[in-house]
Amino acid sequence: ARHPQAPPAHRLGAVLRGRGMIGEAVLVAVSSGSTTDALGNEVPQTRAVEGGNVLVAPGAASGTGGDNRPDGRWERYTLYFPSDWDGDVSGGTVTVRGTECRVVGVPAHWPDSPTEWRWVVEVEATHG
């Protein structure tokens with residue numbers, strides 16, 4: 001019997017090395033203040049900060065379910081940031097595996113996690 005081929009390393013949420021796990025790098029858009037446009041409106045500014053060693057768990061993939069978007073689909077992930085992450089991702093965006101995703105809800109701190117990953121962040125992107 002043939003064994004299915006393992007997914008490529010870039011598709012794995014964490015790569016097992018010995019007994020530990022190593023996460024992926026993601027880009028987090030963080031606020032860097034604001035400026036005003038020609039009409040005097042406030043325009044928020046962001047800058048990309050790399051979040052390293054983030055575990056990426058694929059979420060349920062599904063269609064958007066809307067009649068006005070029959071070809072639409074969701075791309076969802078649960079991200080586990082390490083305990084030393086000190087950035088704020090609330091209401092922002094995170095680029096995961098090349099896809100810009102918006103943060104859903106409020107990131108949760110998991111103080112009793114048995115691992116070093118203690119911040120849980122849900123993100124999603126809509127396509128189509």
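In the stretch 67-128, the portion of solvent-accessible area held by carbon and sulfur atoms comes to 46 percent [1.4 Å probe, whole percent, DNA, RNA and ligands not counted]. Taking all protein chains as shown and a probe of 1.4 angstrom, Val43 keeps an accessible surface of around 50 Å².
For the pair Asp84 and Val104, a Förster radius of 22 Å applied to the C-beta separation gives a FRET efficiency near 0.40, rounded to the nearest 0.05. Taking label positions 7 Å along the Cα-Cβ direction at both Ala25 and Ala48, the computed distance is 1.0 nm, reported to one decimal. Remark: the stretch 112-121, residue by residue, has Karplus-estimated 3J(HN,Hα) of 9, 4, x, 10, 7, 8, 10, 10, 9, 10 Hz, where x stands for each Gly or Pro and the curve is 6.51 cos²θ - 1.76 cosθ + 1.60 at θ = phi - 60°.
What the phi angles of the stretch 72-85 give under the Karplus curve with 6.51, -1.76 and 1.60, with θ = phi - 60°, is a coupling list of x, 8, 9, 10, 10, 9, 10, 10, 10, 8, x, 4, 8, 5 Hz, glycine and proline written as x.
Label positions at Leu39 and Thr126, each projected 7 Å from the Cα along the C-beta direction, are separated by 2.4 nm.
The values are calculated or read from the model by the stated rules, or taken from the named source; none is laboratory data. None of these values were measured; they are calculated from a predicted model. Because the Cβ atoms are built from the backbone with ideal geometry, glycine has one as well, and the counts that use them run over all protein chains shown. For the accessible areas, the whole protein counts, side chains as well, though only heavy atoms, and no ligand, DNA or RNA atoms are used. Shrake-Rupley method; radii C 1.70, N 1.55, O 1.52, S 1.80 Å.
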